[in-house]
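Novice: So that we are looking at the same thing, I have put the structure below in structure tokens.
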Amino acid sequence: MEDWQTFWIAKQAWPRDYGGSNVFLAAAVDETGEALFADDWTGSEPLTPLERYDLWLEYKTDAKGQQLPAPISFPKCSASSAKAWEREAVRRLLLSRSPPIAIEVSTHAYKGKTYDFNDEVWRIGCAMAHDIDAERNDSWARFLTVQNKIRDGIAGGALVSVLRPLIGGGFSEPVKPTDWSTEQAFGRFTFCQMPMNPFGSGPKDNHLIFVTRDSLDRFKTALNAPILPGAVAIAAPPQRKRRTGQYGLIENWLYERHGGIPPAHMTEDQRTGDLHDYAENVAKSPLRPDPKTIRKAIREMSGISGH
């Protein structure tokens, strides 16, 4: 389990203001999520797995862009052309269903593992993977929507934020709203921390983020009615500016090809190849970041460097 997952699971260990005047940012995320999404907010959104199976294709328009009467959907690849990890993932999904479908696996000296899928069973497994991906996408979108609401609330002055040293002590003066005027606030929600220098890099001099109870209560009251499920998927992150240089290329690839979610299902070689393909065919960039640069950039963009 990653450190950030342990943090979001251990709610009883979250810092608190014993005077009751301030609310830790993670708790404010829960309260804001409930205010926005009512019963659709589960509280586990920050723990949404980053991995996606990505085994299903769905077309809602034809080659001319005309709306189809009904979506056309099918597995992204056949069982025979799938990667080994994809076949194993589908096998495990089929075993988890009710009733389970067992797939015979054989091990050969030269071929390695082979899986006895037929087309119908493969389609069932890929459809299960598609449903899980859809649930994860909706869950992650709710979390990002809450993040954006809170960021906009602090940047706009509707929410008042203060900081507290990690080890304990008193609270700072209210954080300037301009300190939250950024499209790169995601890392502040990983462990609900930020440095006193709000745009500094790394965890050095990090402080815990709180919002004042009075401003949070007013903020929740002013929020709109729960967002409809169909509107959630376009919620985040808004108006992201394209950046330049190697880190800019990596960030644009991450958002445009993977929805801002690190492709954890890829090996390092696959990730590097995918990025280089994006650079050549989409970004038309001569840059080709090496694996070490890609790893470092993803850690920093996820706000998890130093943990």
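Novice: Are any residues in the range 17-76 more than 28 Å from P174 (Cβ to Cβ), without any contact (Cβ under 8 Å) to a residue 12 or more places away in the chain and part of a loop (DSSP other than H, G, I, E, B), and if so, which ones?
Specialist: The answer is D62, A63, K64, G65, Q66.
Novice: Filter the range 148-189 down to the residues that are of a type in the set (V, I, T), under 26 Å from the mean Cα position of the chain (by Cα) and surrounded by fewer than 17 Cβ atoms within 10 Å (Cβ to Cβ), then identify the one that is modelled with the lowest pLDDT.
Specialist: T182
Novice: Do we find a residue being surrounded by 12 or more Cβ atoms within 10 Å (Cβ to Cβ) and within 30 Å of I209 (Cα to Cα) anywhere in the range 56-71?
Specialist: No, the range 56-71 contains no residue that is surrounded by 12 or more Cβ atoms within 10 Å (Cβ to Cβ) and within 30 Å of I209 (Cα to Cα).
Novice: For residues that are at pLDDT 75 or above and aliphatic (A, V, I, L, M), tally how many sit in the range 235-265.
Specialist: Here the count works out to 3.
Novice: Now for a different question. Looking only at the range 275-307, filter to residues that are modelled with pLDDT under 75 and not in a loop (DSSP other than H, G, I, E, B); which one of those is farthest from Q184 (Cα to Cα)?
Specialist: Here the answer is R299.
Novice: All but one of (1) within 18 Å of H130 (Cβ to Cβ); (2) at pLDDT below 90 hold for A79, so report the exception by its number.
Specialist: (2)
Novice: Among the residues of the range 142-157, are any assigned to a loop (DSSP other than H, G, I, E, B) and touching a residue at least 60 places away in the same chain (Cβ under 8 Å)?
Specialist: So far as the range 142-157 goes, no, none of its residues is assigned to a loop (DSSP other than H, G, I, E, B) and touching a residue at least 60 places away in the same chain (Cβ under 8 Å).
Novice: Select from the range 37-46 the residues that are of a type in the set (A, V, I, L, M, F, W, C) and either surrounded by fewer than 21 Cβ atoms within 10 Å (Cβ to Cβ) or closer than 20 Å to D17 by Cβ (or both) and list them in ascending order.
Specialist: Matches in the range 37-46: F37, A38.
Novice: If I ask for residues that are over 18 Å from R188 (Cβ atoms) and surrounded by 17 or more Cβ atoms within 10 Å (Cβ to Cβ), which ones from the range 18-33 would you list?
Specialist: Across the range 18-33, there are no qualifying residues.
Novice: Which of the residues that make up the range 98-115 are loosely packed, with under 10 Cβ neighbours inside 10 Å, modelled with pLDDT of 80 or more and in a strand (DSSP E or B)?
Specialist: T107
The values are calculated or read from the model by the stated rules, or taken from the named source; none is laboratory data. Computed from a predicted model, the values in this text were never measured in an experiment. Note that each Cβ is placed from the backbone with ideal geometry, even for glycine, and that neighbours are counted across all protein chains shown.
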